Amino acid sequence: DTAVSQTPKYLVTQMGNDKSIKCEQNLGHDTMYWYKQDSKKFLKIMFSYNNKELIINETVPNRFSPKSPDKAHLNLHINSLELGDSAVYFCASSQGKGSPQHFGDGTRLSIL
Amino acid sequence: AQSVTQLDSQVPVFEEAPVELRCNYSSSVSVYLFWYVQYPNQGLQLLLKYLSGSTLVKGINGFEAEFNKSQTSFHLRKPSVHISDTAEYFCAVSPRAGYSTLTFGKGTMLLVSP
């Protein structure tokens with residue numbers, strides 16, 4: 001069973017469109033995250049939710065809006081996509097201080 | 001705030017040779033330390049972690065790392081690498097207090113050739 005699953009795996013779309021990425025974890029963790037990996041493979045935290053509450057929002061444009069309907073799901077909606085949004089977006093989850101984060105396989109977003 | 005420096009962007013090595021991937025960190029607070037591996041077109045997989053106790057930690061696939069508090073380093077080692085170890089390796093830290101987000105280094109590409 002996949003622990004952290006993201007859909008879709010690939011997303012190719014045009015500038016100006018709105019798109020969503022979904023994430024689900026079946027590990028029973030209470031904290032979920034979105035990370036962005038750029039073309040140089042640098043990983044940076046975007047958002048973190050703990051028990052459906054937003055706890056981290058790292059200077060991400062307002063066009064990005066996370067939503068957590070329950071603690072097993074964390075979705076990412078992006079409005080008015082720009083060329084610079086092209087990246088791989090990773091979802092992760094963890095439970096408690098010091099526990100390692102478990103990552104999904106990523107969503108590769110390409111903006112034409 | 002924390003920062004992580006991985007001194008080598010790429011490390012080429014021959015199969016069965018030993019390897020060390022270097023990681024230094026800077027933080028105003030006490031941190032936990034992690035190494036993750038990313039195979040092509042895949043997510044990140046935890047190799048090992050240092051939380052407390054013995055400064056030498058062993059992980060999966062024969063990797064180990066040593067925490068050195070005075071040098072703020074957490075170098076990753078393997079005595080004999082395989083072709084299948086070719087991947088991107090990320091060092092990361094998270095604060096012991098407050099929220100557990102990871103701050104990553106820029107990664108080191110380990111290239112193992114026959």
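Here are the numbers for the structure shown:
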{"read-out": "Of all residues making up the range A:4-16, the number that are in contact with a Ser or Thr (Cβ under 8 Å, 6 or more places away or on another chain), among the polar types (S, T, N, Q) and surrounded by fewer than 19 Cβ atoms within 10 Å (Cβ to Cβ)", "value": "2"}
{"read-out": "Residues within the range B:2-55 that are surrounded by 17 or more Cβ atoms within 10 Å (Cβ to Cβ), assigned to a loop (DSSP other than H, G, I, E, B) and within 13 Å of chain A (Cβ to nearest Cβ), tallied", "value": "2"}
{"read-out": "Residue pairs meeting the criteria (Cβ under 6 Å; at least 6 apart or on separate chains; first on the phi > 0 side of the Ramachandran plot, in the range A:55-80; second loosely packed, with under 14 Cβ neighbours inside 10 Å and at pLDDT 90 or above)", "value": "A:SER80/A:GLY16; A:SER80/A:ARG63"}
{"read-out": "Condition met for B:GLN71 (farther than 17 Å from B:THR108 by Cβ and not in a strand (DSSP E or B))", "value": "yes"}
{"read-out": "Hits in the range A:31-57 - residues which are more than 8 Å from chain B (Cβ to nearest Cβ), loosely packed, with under 14 Cβ neighbours inside 10 Å and assigned to a loop (DSSP other than H, G, I, E, B)", "value": "A:ASP38, A:SER39, A:ASN51"}
{"read-out": "Sole exception among (1) under 27 Å from A:TYR49 (Cβ atoms); (2) among the basic types (Lys, Arg); (3) modelled with pLDDT of 95 or more for B:ARG77, by number", "value": "(1)"}
{"read-out": "Residue, nearest to the other protein chains (Cβ to nearest Cβ), within the range B:75-111, restricted to residues that are of a type in the set (S, T, N, Q) and within 29 Å of B:GLU16 (Cβ to Cβ)", "value": "B:THR108"}
{"read-out": "Selection within the range B:23-55 - out of contact with any Lys or Arg (no Cβ under 9 Å at 6 or more places or on another chain) and under 14 Å from B:SER3 (Cα atoms)", "value": "B:CYS23, B:ASN24, B:TYR25, B:SER26, B:SER27, B:SER28"}
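Rundown of residues vs (1) facing chain B (nearest Cβ under 8 Å); (2) farther than 12 Å from A:VAL4 by Cα; (3) touching a strand residue (DSSP E or B) at 6+ places or on another chain (Cβ under 7 Å); (4) among the hydrophobic types (A, V, I, L, M, F, W, C), yes/no style:
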{"site": "A:CYS23", "(1), (2), (3), (4)": "no, no, yes, yes"}
{"site": "A:VAL60", "(1), (2), (3), (4)": "no, yes, yes, yes"}
{"site": "A:LYS71", "(1), (2), (3), (4)": "no, yes, no, no"}
{"site": "A:LEU74", "(1), (2), (3), (4)": "no, no, yes, yes"}
{"site": "A:GLN101", "(1), (2), (3), (4)": "yes, no, yes, no"}
{"site": "A:SER110", "(1), (2), (3), (4)": "no, yes, yes, no"}
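Quick grid of which residues meet (1) without any contact (Cβ under 8 Å) to a residue 60 or more places away in the chain; (2) within 17 Å of A:HIS102 (Cα to Cα); (3) in contact with a strand residue (DSSP E or B) (Cβ under 8 Å, 6 or more places away or on another chain); (4) not acidic (Asp, Glu):
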site	(1), (2), (3), (4)
B:TRP35	yes, yes, yes, yes
B:LEU47	yes, yes, yes, yes
B:SER52	yes, no, no, yes
B:VAL57	yes, no, yes, yes
B:ASN68	yes, no, yes, yes
B:GLN71	yes, no, yes, yes
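The values are calculated or read from the model by the stated rules, or taken from the named source; none is laboratory data. Just so it is clear, the structure is predicted and the values come from calculations on it, not from any experiment. Note: ideal-geometry Cβ built from the backbone for every residue, glycine included; neighbour counts use all protein chains shown.
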